[in-house]
Each structure stands twice: as C-alpha cells, then as structure tokens.
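Participant: The structure's right below; bear with me while I get my questions together.
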Amino acid sequence: MRTNVPLVLATQHGSLRLLTLNRADKLNAFTPEMLASLAAEIDEAVADAATRVIAVTGSGAKAFAAGNDIERLVSLDGVAAYRDMLAGQRALLSLHDCAKPTIAMVNGYALGGGFELALACDFIVASTNASFAFPEITLNTMPGWGGTQLAVAKMGLACAKRFVLSGNRFTAQECEAFGFIHELASPDKLFEVVQSVAATLAAYDPFAVEMAKRALNRASELPLSAGLDFEAAQYAVNFSSEGARAGLRQFMERKQARRSARSNPAPATP
Ligand code: COA
C-alpha cells in the first residue's frame, strides 16, 4: 500500500525542472492519480519564473513509463475510457503546448502512454538501452493519449503506421535513425546530456523561445497560408519585445566594434 509517496517527484537543477514518474515497481505505468500529479507538476513548473526548461523521466533503471495501467483499463467501460483518454491528452499535450521547452529523458521502456509522453515533449534524449513501442494493437486497442497524431507529426505517416499497426518495439538506435530522437547517451551520461541540451535552450530569451515554439506547433495543424500568417504575427509580437531589440542591437554593436578594430588596427608592438 503506497501512502504519502509522491507519484511524481520534482527536483530543481538550476533553471531545469526535472519531473520523475515515481512508480518503478510497476515500470511507471500511469494511474489517474499519477497523471493528475504530473499535470499539476507541469502547471507548477510552467508558472515558476526560475524554471526555463522542463524535463520528464521515469524512476528505476528499467522504464521511462510502460504506459497506461492495464490492470485498471480492464475495468473501464467505453465512457470511462473516453474520459481517461481526454485526461491523458490534456496532461501530456500540456508539455507540447506550454510556453517552455520540454525534454523527455527516456531511460528505458517508453511504451504506449509512455511513448506518447515522450512524443509530447519538444526533445527526446534517450539512453542507449531505451526502447519505444505502441503495444496497444497487441491488446486489440490503440493509442489514445495523442499518440496517433503526435507520431505522425514527429516521424511521418509511414513510420507512425509502422509503430501503431505493428506494435513492434524499436531500439533507441533504430529510433534515432527514424529521426525523432534528439540525442542518444549512455545510461550513466543521460542526465548530463539532458542538462547540456537544457543549458543551450535556457541561454536564449524565453519569450523568443516561446513564440518560436508556438509557431512550430501550429505547422502541423494549419494550412500553409494560415501557418505563415500565424508565423508573421508571432514574429511581430516577439519583435516588439525588449529581448529581440537587445539581441539585434548587440549583434550590431559587435559588428561595429569589429569594423572599428579593422579600420584602426592597434599599433604593432616593437
Ligand atoms: N500496466 C500495469 N502494470 C504494468 C504495466 C502496465 N502497462 N507494465 C508493467 N506493469 C507491471 C507488471 O505487471 C509487473 O507488476 P507485478 O510485479 O505486480 O507483476 C511490473 O510492472 C514489472 O513488469 P514485468 O512485466 O514483470 O517486467 P518485464 O521486464 O518482465 O516486462 C514489459 C516488461 C514492459 C515488457 C512488460 O511489463 C509489458 O509488456 N508491459 C505492458 C506494456 C504495455 O502494453 N503498455 C501499453 C499499455 S496500454
């Protein structure tokens, strides 16, 4: 019986907030309570000004997350399953839609809902012993937490069909070749690589990152002309921010300094 054990652990590492699914004995399979805790921790991290990047991972050495809890799914009727899918979509897609960059630190099995969680993040950094699958079809079901839509957006229709319709599990190395993994790392270096990816993202103006992420997300949802209009509007909003003015000004100041140095070279030392 688990009492008072947090189902999601939140730790701060500089500007990186790491959220760890904490149900290692069940390979971090999702219960509604764990999903609700994850959603609350995501909201909290998004609201925290000191947090610039959000990462999610699984506890234990074996799994990122082995999907929705099958023991519980068995007892659901159609309406309850529908509501469960909406709750999952809301929680996971909040990582996809939120204003901050998100990283899935995949440390083992990413199956079903676990794979959907990884795909909902902006970047996947995977351990060399990670593996990915949508096993739902082997249970005569299908992904329902955004998996069909996110898989197509992240890896293309042909590759998404390979995952969803075969149920086969693919290694991290194979998935890197499919193009949806940002970086691979050995298990002992995984967090180091995530921190390095996070440091790069955190170094940029958060508003510019937010505007660019929002425009990128709309690309798979809008026809080209509407997407371009949206991009131009995001560009203009960002352009009016102090960060954009400062970034452009600093570039010109550096250029001016180089020009002056070229036209007034320092006298050669005797
Ligand atoms: N739901 C509920 N429990 C799960 C689970 C899931 N999705 N995935 C793993 N578990 C539980 C197992 O039942 C087991 O619990 P127990 O110790 O009480 O029996 C525990 O986690 C450890 O898993 P186990 O199966 O013993 O580990 P394994 O190394 O032999 O196999 C997997 C690992 C991932 C291959 C196997 O657990 C599996 O196929 N899980 C289901 C994955 C899946 O279909 N996900 C999509 C769900 S829609």
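The values are calculated or read from the model by the stated rules, or taken from the named source; none is laboratory data. Since we're looking at a predicted model, the values are computed, not measured. Please note: Cβ atoms are built from the backbone with ideal geometry, for glycine as well, and neighbour counts cover all protein chains shown.
Participant: Across the stretch 40-71, what is the number of residues that are farther than 19 Å from residue 110 by Cβ and out of contact with any strand residue (DSSP E or B) (no Cβ under 9 Å at 6 or more places or on another chain)?
Facilitator: Total satisfying the criteria: 4.
Participant: Quick check on residue 74: is it within 13 Å of the ligand (Cβ to nearest atom), surrounded by fewer than 22 Cβ atoms within 10 Å (Cβ to Cβ) and free of Cβ contacts under 8 Å to residues at least 12 places away in the same chain?
Facilitator: The answer is yes for residue 74.
Participant: Within the stretch 33-62, restricting attention to residues that are of a type outside the set (Gly, Ala, Ser) and surrounded by fewer than 16 Cβ atoms within 10 Å (Cβ to Cβ), which residue is nearest to residue 207 (Cα to Cα)?
Facilitator: Result: 48.
Participant: It is to be established whether one or more residues within the stretch 120-127 are under 19 Å from residue 26 (Cβ atoms), in contact (Cβ under 8 Å) with a residue 40 or more places away in the chain, touching a strand residue (DSSP E or B) at 6+ places or on another chain (Cβ under 9 Å) and more than 10 Å from the ligand (Cβ to nearest atom).
Facilitator: No; the residues of the stretch 120-127 include none that is under 19 Å from residue 26 (Cβ atoms), in contact (Cβ under 8 Å) with a residue 40 or more places away in the chain, touching a strand residue (DSSP E or B) at 6+ places or on another chain (Cβ under 9 Å) and more than 10 Å from the ligand (Cβ to nearest atom).
Participant: Could you give every pair whose Cβ atoms fall below 7 Å, whose first residue belongs to the stretch 161-185 and is over 14 Å from residue 105 (Cα atoms), and whose second residue is exposed (fewer than 15 other Cβ atoms within 10 Å of the Cβ) and of a type in the set (Phe, Trp, Tyr), counting only separations of at least 6 or pairs across chains?
Facilitator: Matching pairs, first to second residue: none at all.
Participant: Name the residues in the stretch 128-150 that are within 12 Å of the ligand (Cβ to nearest atom), more than 26 Å from residue 60 (Cβ to Cβ) and not aliphatic (A, V, I, L, M), would you?
Facilitator: 140
Participant: Being touching a residue at least 60 places away in the same chain (Cβ under 8 Å) and away from the ligand (no atom under 12 Å from the Cβ) is true for just one of 153, 158, 87, 80. Which residue is that?
Facilitator: Answer to the selection: 153.
Participant: Just the residues that are closer than 13 Å to residue 111 by Cβ and either touching a Ser or Thr at 6+ places or on another chain (Cβ under 9 Å) or assigned to a helix (DSSP H, G or I) (or both), please, taken from the stretch 22-35.
Facilitator: 26, 28, listed by residue number.
Participant: Taking interchain pairs and intrachain pairs at least six residues apart, which have beta carbon atoms under 8 angstrom, with the first residue in the stretch 53-71 and closer than 24 Å to residue 99 by Cβ and without any contact (Cβ under 8 Å) to a residue 60 or more places away in the chain and the second away from the ligand (no atom under 16 Å from the Cβ) and of a type in the set (D, E, K, R)?
Facilitator: 54/17; 54/100
Participant: Still on this structure: Can you report the number of residues in the stretch 90-119 which are in a loop (DSSP other than H, G, I, E, B) and within 12 Å of the ligand (Cβ to nearest atom)?
Facilitator: Final tally of qualifying residues: 2.
Condition check ((1) modelled with pLDDT of 95 or more; (2) among the polar types (S, T, N, Q); (3) within 10 Å of the ligand (Cβ to nearest atom)) across all residues:
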site: 26; (1), (2), (3): yes, no, yes
site: 34; (1), (2), (3): yes, no, no
site: 38; (1), (2), (3): yes, no, no
site: 42; (1), (2), (3): yes, no, no
site: 50; (1), (2), (3): yes, no, no
site: 59; (1), (2), (3): yes, yes, no
site: 64; (1), (2), (3): yes, no, no
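Participant: Could you pull out the residue among 204, 235 that is closer than 29 Å to residue 156 by Cβ and part of a helix (DSSP H, G or I)?
Facilitator: Working: 204 fails: part of a helix (DSSP H, G or I).
After ruling out the rest, the residue left standing is 235.
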